[in-house]
1. Please indicate, with yes or no, whether at least one residue in segment 33-41 is outside the structural domain of Asn112 (by the TED database), farther than 21 Å from Leu134 by Cα, at pLDDT 80 or above and of a type outside the set (Gly, Ala, Ser).
2. Name the pairs: first residue in segment 457-468 and closer than 11 Å to His433 by Cα, second residue outside any loop (DSSP other than H, G, I, E, B), Cβ to Cβ under 7 Å, at least 6 apart or on different chains?
3. How about segment 27-59: which of its residues are touching a residue at least 40 places away in the same chain (Cβ under 8 Å) and within 12 Å of Arg99 (Cα to Cα)?
4. If Val443 satisfies every condition in (1) within 17 Å of Leu469 (Cα to Cα); (2) at pLDDT below 90 but one, which is the exception?
5. Can you tell me which residues in segment 214-226 are surrounded by 17 or more Cβ atoms within 10 Å (Cβ to Cβ) and part of a strand (DSSP E or B)?
6. Listed residues Ser148, Ser157, Ser174; which is touching a strand residue (DSSP E or B) at 6+ places or on another chain (Cβ under 8 Å), closer than 30 Å to Leu248 by Cβ and touching a residue at least 12 places away in the same chain (Cβ under 8 Å)?
7. Can you run down the residue pairs with Cβ atoms below 9 Å, 6 or more apart or on separate chains, where the first is in segment 303-331 and outside the structural domain of Ala364 (by the TED database) and on the phi > 0 side of the Ramachandran plot and the partner is surrounded by 17 or more Cβ atoms within 10 Å (Cβ to Cβ) and at pLDDT below 90?
8. Within segment 148-168, take every residue that is over 27 Å from the mean Cα position of the chain (by Cα) and either assigned to a loop (DSSP other than H, G, I, E, B) or of a type in the set (Val, Ile, Thr) (or both) and give me the one that is surrounded by the fewest Cβ atoms within 10 Å (Cβ to Cβ).
Amino acid sequence: MEQRPRLRGVGAPTKCRIDRFTSLPDHLVHHILSFVAITDLTRFGCASKKCRELYLSTPSLNLNGFSHANLLNDDKRLELLSSLDRFLLVHRGVNKLKRLCIFLNAYQGSKNEAFRIITWIHSAVRCNVEVLELDIGVPNETLPFPLSVFHCGSLRSLLVKMSCQILKAPSLTSFSNLEYLKLTYVIIGDEGIFKWISCCCKCIETLILEHAYGSKTVTIQSSSLKSFHFVTDYLVRPCNLNISGGRLEDIFIDWGFNSDFSRSLNISAPDLKYLKWSGNLLTQQNLGKMTCLQKAELFLKPEADDFNMFEILCSINRVEVLILNKETIMAMYKGGSMSAPLENVHYLSIHIGSFLDILVLPMALLLQGMPNLTTLDMKSDPFFLDPNTDCSGFNMGFWKVQSLDFVHQLREVTIELSSGSNGIEFARYILEHAQNLNKMTIVHSPHQSNAIRALKKSKMAANAKVVYLEDQNRGTEKQRGRRVAR
């Protein structure tokens, strides 16, 4: 019998497989390697001479993805940091570096590690870095942030999330090409940094300050800025915030204060399209005229004497999409601000918590000022904490006499029912009076099934689609516990 030839493997040798990859244009290889963590990139650099050249010249580095075991073991950690030193400071030289990301937690009390990290940052500046992202944990220590970073002419994007201090503002003669700047947990030792941003960052479009400590006054005046975010917590001393810009499109403010210090907010952004403000009302606030505003979210937590909302509503009276929490609605009512017209609002979302009796009249007055409302979304808490007696004081007759012109414009409504009958009565009013309604969604708890059956018998004013959604997680703690026990 003739012996059959032995089949040979068709897989390419390792060298050929590598050659197929490295034979690609360098810019494609570099793009692929930009998604690789430094540990895997180092392994790649050991494969061949060509791979080492690509490894040392890759313009994007991610110093993350380190083994947890290597970080916890003192000897292995020292070996890792030393190898990064050699790579960044010796082997790599001054090859162009477009992007450097460092995600690392330094050892507590290790000044040597902190010094290493600062040295890496200086090295990135020498390599004309364009994107620098620093997410570095430095326990119980505040590092002076290198001023050379702000003087780096190639830098386009800077993200700093670390316990460091900007001791001195950059010189006003050092112009920057920064387009994106985000500072988180940074101590501002010199408020001149804000003047530098205003005067020297002519290309900046996004500025984010999150838990930036130390400054009493933040003033930004920029002709290029499009997006501004300012976030603080109760641990930060209240400050005066002044922001102005002809190209500003969105502003996000989230702050809270536990003190009686005076604080103010001044905004001049005539072309603003989106505003979100969460936290306290202030001693003084001036939002200017926002004639291009499309969407506003107000989740305010007014104090007992913070009832003057009229000026705020006048500033946003051209808004089309409005989202409010119940505290904001109550502050508008107590301050007599309901007379401010909101005739352009076509979408309203209100987070009411519960359909409390004390909230019904403020809601009615708010809705009276929105004759062109087409979409209404009422959200409530799934946990029914308020007794039925506090949420059952208003029947459909109350809504009939409120002269609510918006009901004839409504196209879509979503209501999340809470405890009591107020929400059910309002839903009945909508069903029986909204002549142009297309769809209504009613979210209820299993315990409200009897009320839902009665609601289904309503004489509808329109041939709308009505969806009843039973939420198993809604109800009182006792009701929810009983369902879990089953």
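The values are calculated or read from the model by the stated rules, or taken from the named source; none is laboratory data. Since the structure is predicted, the reported quantities are computational estimates derived from the model, not experimental observations. Note: ideal-geometry Cβ built from the backbone for every residue, glycine included; neighbour counts use all protein chains shown.
1. To start, the set of residues in segment 33-41 that are outside the structural domain of Asn112 (by the TED database) comprises 33-41.
Subsequent filtering for residues that are farther than 21 Å from Leu134 by Cα retains none.
No - not one qualifying residue is present in segment 33-41.
2. Qualifying pairs under 7 Å: Ser458/Arg428; Ser458/Leu431; Ser458/Glu432; Lys459/Glu432; Met460/Leu431; Met460/Glu432; Ala461/Glu432; Ala461/His433.
3. Hits for segment 27-59 are Ser34, Pro59.
4. (2)
5. At the first step, the residues of segment 214-226 found to be surrounded by 17 or more Cβ atoms within 10 Å (Cβ to Cβ) are 215, 218, 220, 222, 225-226.
Selection gives Val218, Ile220.
6. Details: Ser148 fails: touching a strand residue (DSSP E or B) at 6+ places or on another chain (Cβ under 8 Å); Ser174 fails: touching a strand residue (DSSP E or B) at 6+ places or on another chain (Cβ under 8 Å).
It is Ser157.
7. none
8. Of the residues in segment 148-168, the ones over 27 Å from the mean Cα position of the chain (by Cα) are 148, 151-154, 167-168.
From what's left, either assigned to a loop (DSSP other than H, G, I, E, B) or of a type in the set (Val, Ile, Thr) (or both): 151-154, 167-168.
Details: His151: 14, Cys152: 23, Gly153: 10, Ser154: 15, Leu167: 13, Lys168: 14.
Taking the candidates together, the pick is Gly153.
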